[in-house]
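Take a look at the structure below.
The values are calculated or read from the model by the stated rules, or taken from the named source; none is laboratory data. As the structure is a computational prediction, the values presented were derived from the model and not from experiment. Every residue, glycine as well, gets a Cβ built from its backbone with ideal geometry; the counts of neighbours run over all protein chains shown. Ligands, DNA and RNA are stripped out before the accessible areas are found, and what is left, the full protein with its side chains, is counted by its heavy atoms. Shrake-Rupley method; radii C 1.70, N 1.55, O 1.52, S 1.80 Å.
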Amino acid sequence: MIYSYPDKTAFVVPAGTKLKKSHESKKNREIRKAIESITVQENPGTYTFNFKKNK
Amino acid sequence: MVIELFDDLDLKLTVLNKETEKFIEGFNCGNLTINNYLKLNGTCFEIAKTYILIDQISSKTIGFFSLCADTLLEREKNGIMHFNSAIRINMFAIDTKYQGKRDIGIDGTRVTFAHFLLIQCFKIIREIAENYIGASYITLYSTLEGLNLYKEVGKLNVVDDEYMMTDTVDNIQLTPMYREIFDYD
């Protein structure tokens, strides 16, 4: 499944647009922090993850 | 907090280059244009830098995203444009075999590979903006299928401008979305 697709159209927004301050749900924040915490940078551009193996 | 990987996978996220392009053999996100781009131009950094999430056991690519430099223009009523630097998520896709699979468990909550990969994507964008080249915004064109992921997990806003309406490219309906890179507290 594709989520983002390339389009050559430039991004234009009205000047002074106030972005809606996005609210991150507590659950999503916990998930994000958890995923970031297991991410290990091996070298520039390469990352591994410290998962607890279930099997 | 316990983070588990349920299936027998060994995940690694890496830049697509001559050494790692063997992993994209057989990748199929369900869209021929994207599949072909990955095979033919995926290593072409002049277009975009591509990162692939691979399973080292099966040597398969689960999903990928590609990043490129972008500009977000602010239009005054008198027509003057001001630019802001941005990083665009040019493409983001998951292989159909892994689509919707929730193999990652976080304290009992299972998340999809798309959710997992998007968080990694944002992390890399923050690192680029902090260490390599300054940028303020994340931009992308979302497919209909991607809208929920980007709104709920990515916290992106739909662009509200008369010149930036929903567009159709290659018969795919696209919605422009953006957010500040350093939006997290």
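A few notes on this one:
- Enumeration of residues in the stretch B:90-105 that are surrounded by 21 or more Cβ atoms within 10 Å (Cβ to Cβ) and among the β-branched types (V, I, T): B:I94, B:I104
- Residue within the stretch B:46-68 that is touching a residue at least 60 places away in the same chain (Cβ under 8 Å) and either in a helix (DSSP H, G or I) or out of contact with any helix residue (DSSP H, G or I) (no Cβ under 9 Å at 6 or more places or on another chain) (or both) present: no
- Exactly one residue out of B:I133, B:I104 is touching a Leu at 6+ places or on another chain (Cβ under 8 Å), aliphatic (A, V, I, L, M) and touching a residue at least 40 places away in the same chain (Cβ under 8 Å), and it is B:I104.
- Total residues in the stretch B:61-73, condition open to solvent by 40 Å² or more (accessible area, probe 1.4 Å) and either touching a Cys at 6+ places or on another chain (Cβ under 8 Å) or facing chain A (nearest Cβ under 9 Å) (or both): 2
Table: residues versus (1) at the interface with chain B (Cβ under 7 Å from one of its Cβ atoms); (2) open to solvent by 30 Å² or more (accessible area, probe 1.4 Å).
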| position | (1), (2) |
| --- | --- |
| A:T9 | yes, yes |
| A:H23 | no, yes |
| A:K26 | no, yes |
| A:R29 | no, yes |
| A:A34 | yes, no |
| A:Q41 | no, yes |
| A:G45 | yes, no |
| A:F51 | yes, yes |
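- Residue check, B:I87 modelled with pLDDT of 95 or more, among the hydrophobic types (A, V, I, L, M, F, W, C) and either in a strand (DSSP E or B) or open to solvent by 70 Å² or more (accessible area, probe 1.4 Å) (or both): yes
- Here the stretch B:109-133 is the region considered, the condition is being over 21 Å from A:T46 (Cα atoms) and surrounded by fewer than 17 Cβ atoms within 10 Å (Cβ to Cβ), and the residue that is nearest to the chain's Cα centre (by Cα) is B:R110.
- Tally of residues being within 11 Å of another protein chain (Cβ to nearest Cβ), under 30 Å from A:N28 (Cα atoms) and either of a type in the set (V, I, T) or open to solvent by 50 Å² or more (accessible area, probe 1.4 Å) (or both) across the stretch B:8-60: 12
- Qualifying residue in the stretch B:102-110 (condition: under 23 Å from B:L53 (Cβ atoms) and within 7 Å of chain A (Cβ to nearest Cβ)): yes
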